[in-house]
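Novice: Below you will find the structure I want to go over with you.
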Amino acid sequence: MPEPALDTGPYAARRARLMQRMQRGVAVIPTSSERLRNRDAHYPYRFDSYFYYLTGFTEPDAALVLVAGEAPRSILFCRDKDPEREIWDGYRHGPLAAREAFGMDAAFAIDVLDTQLPELLADQPVLHYALGLDGGWDARITAALNRVRGMARSGVRAPAAVHDVHALLDEMRLVKDATETDLMRRAAEISAGAHRRAMRSARPGRGEYEIEAELVHEFRRLGAQAPAYTPIVAGGANACVLHYVENGARLNDGELLLIDAGCELDGYAADITRTFPVNGRFSAAQRDVYQTVLAAQAAAIDAVRPGSAWDAPHEAAVRVLAQGMIDLGLVSGTLDAAIESGAYKRFYMHRTGHWLGLDVHDAGEYKVDGNWRPLAPGMVLTVEPGCYIRPAQDVPEALWNIGVRIEDDALVTPEGCEILSRDAPKSVAEIEEWMADRADA
């Protein structure tokens, strides 16, 4: 069956904005192909984010061609109708239905792209295409360019320049429109609900994989299509491995559980981390570390506002974390010395956030002309300080194997920021109260 009717307005507006930025020339933006997992089984299909941002089209083996200038055009190339394959694999729009459903000026079968592309490139000054990402598409684009160059004796000119279309799109994707922020707000709500479910499900003796299953269950139950990335469900010492994804260990009484998980809803990601005690009660040492990270996050969130430099939240978090490490006996010396020497990086080795959107680590530069980019309304970023304490002779034993990260999704607003993931319990009191209501606690 065809998908529900799509509101093509936001996608058409984005295409128009891109063509205005291009000014002249032709852009080619392909989407992903299906990928084999093994033998004849495929990985679950995920469209290319740039292509989807401009089309809303979710089928594989397609490409968008935009012709900028006095008479701008949007042309979709997609798989043709194939009733036999649709019996096996599901509905295909085909060019005729796709043109109408996705608001294109024209649509053709993907099989004719190689024939039509040289005609579209003829006498155009610029080709806008992201070279080097896919060898197969690079070869197709090169072949089309060479065919146009071969027409030189007929007076036909080939594009004299190739510009990276992703550079233009990255700037566009950095500031979300209302459609995007509504989706991201809902993705964060779903993900926060999954974290609440995970807290209520955790207890000594359960497997990390069981908690992962609870997360994915809630994502799907509430309408999200998939996790936005492989969930991290890390108990005890595993929480000190930043990208731990095995999720195969048993949860032990007296340990913390760090969960970094978010859903993907209609292409848009949430990214939330919570850390909480497996048995529902923080020990004194766990509370001390947790409160340090929580205070660092509060300082970072306070720095998320229009006009702040991208690095301001990180700098704010580092000052609180470094002082906390001194207070905990992890780092010696003064606060300024700990920051200048980088001594704090032994226990906090990553930065405090990243852009968020269609990709978990979303498009957009962090510096402009060598300076940290100022934040502006519509940008969405994560705020995720942490502290990871491995056993060592110079580390107080009570702190061994305590790994804490607290991560929220922040939408920059004209007044400051909106925490999209605020529904996931975060303070010590909120977490302990929420976990106290477990059915068999």
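Novice: State which residue is surrounded by the fewest Cβ atoms within 10 Å (Cβ to Cβ) when the search covers only the range 210-244 and only residues that are among the aliphatic types (A, V, I, L, M) and farther than 28 Å from Ala392 by Cα.
Specialist: At the first step, the residues of the range 210-244 found to be among the aliphatic types (A, V, I, L, M) are 211, 213, 215-216, 222, 224, 226, 228, 232-234, 237, 239, 241-242.
When the remaining residues are screened for being farther than 28 Å from Ala392 by Cα, the result is 211, 213, 215-216, 222, 224, 226, 228.
Details: Ile211: 24, Ala213: 16, Leu215: 24, Val216: 16, Leu222: 16, Ala224: 24, Ala226: 13, Ala228: 25.
Only one residue fits best here, namely Ala226.
Novice: Moving on. Considering only the range 178-209, state which residues are open to solvent by 10 Å² or more (accessible area, probe 1.4 Å) and either of a type in the set (Lys, Arg) or within 22 Å of Phe282 (Cβ to Cβ) (or both).
Specialist: If the condition is that a residue be open to solvent by 10 Å² or more (accessible area, probe 1.4 Å) and either of a type in the set (Lys, Arg) or within 22 Å of Phe282 (Cβ to Cβ) (or both), then Arg185, Arg186, Arg196, Arg197, Arg200, Ser201, Arg203, Pro204, Gly205, Arg206 are the ones that fit.
Novice: Filter the range 241-286 down to the residues that are more than 15 Å from Leu215 (Cβ to Cβ) and assigned to a strand (DSSP E or B) and list them by number.
Specialist: Matches in the range 241-286: Arg250, Leu256, Tyr268, Pro277.
Novice: Let me ask something else. Exactly one of (1) within 30 Å of Glu418 (Cβ to Cβ); (2) open to solvent by 20 Å² or more (accessible area, probe 1.4 Å); (3) assigned to a loop (DSSP other than H, G, I, E, B); (4) free of Cβ contacts under 8 Å to residues at least 60 places away in the same chain is unmet by Thr352. Its number?
Specialist: With (1) within 30 Å of Glu418 (Cβ to Cβ); (2) open to solvent by 20 Å² or more (accessible area, probe 1.4 Å); (3) assigned to a loop (DSSP other than H, G, I, E, B); (4) free of Cβ contacts under 8 Å to residues at least 60 places away in the same chain applied to Thr352, the lone miss is (2).
Novice: May I pose another question? Just one of Arg99, Arg92 is assigned to a loop (DSSP other than H, G, I, E, B), open to solvent by 20 Å² or more (accessible area, probe 1.4 Å) and of a type in the set (Lys, Arg); which is it?
Specialist: Sole residue among the options that is assigned to a loop (DSSP other than H, G, I, E, B), open to solvent by 20 Å² or more (accessible area, probe 1.4 Å) and of a type in the set (Lys, Arg): Arg92.
Novice: State all residues of the range 284-336 that are among the β-branched types (Val, Ile, Thr), out of contact with any Ser or Thr (no Cβ under 9 Å at 6 or more places or on another chain) and open to solvent by 40 Å² or more (accessible area, probe 1.4 Å); if no residue qualifies, say none.
Specialist: If the condition is that a residue be among the β-branched types (Val, Ile, Thr), out of contact with any Ser or Thr (no Cβ under 9 Å at 6 or more places or on another chain) and open to solvent by 40 Å² or more (accessible area, probe 1.4 Å), then Thr334 is the only one that fits.
Novice: Looking at this structure, is Ala144 among the small types (Gly, Ala, Ser), part of a helix (DSSP H, G or I) and surrounded by 15 or more Cβ atoms within 10 Å (Cβ to Cβ)?
Specialist: Criteria met by Ala144.
Novice: Separate question: Does Glu119 meet the test of being within 30 Å of Met151 (Cα to Cα), at pLDDT below 95 and surrounded by fewer than 18 Cβ atoms within 10 Å (Cβ to Cβ)?
Specialist: No, not satisfied.
Novice: Suppose we filter Leu127, Leu96 for residues that are out of contact with any His (no Cβ under 6 Å at 6 or more places or on another chain) and touching a residue at least 60 places away in the same chain (Cβ under 8 Å); which single one remains?
Specialist: Leu127
The values are calculated or read from the model by the stated rules, or taken from the named source; none is laboratory data. Quick caveat: nothing in here was measured; it's all calculated off a predicted structure. All Cβ positions, glycine included, derive from the backbone under ideal geometry; neighbour counts span all protein chains shown. Note: accessible area is taken over every heavy atom of the protein model, side chains too, but ligands, DNA and RNA are not part of it. Shrake-Rupley method; radii C 1.70, N 1.55, O 1.52, S 1.80 Å.
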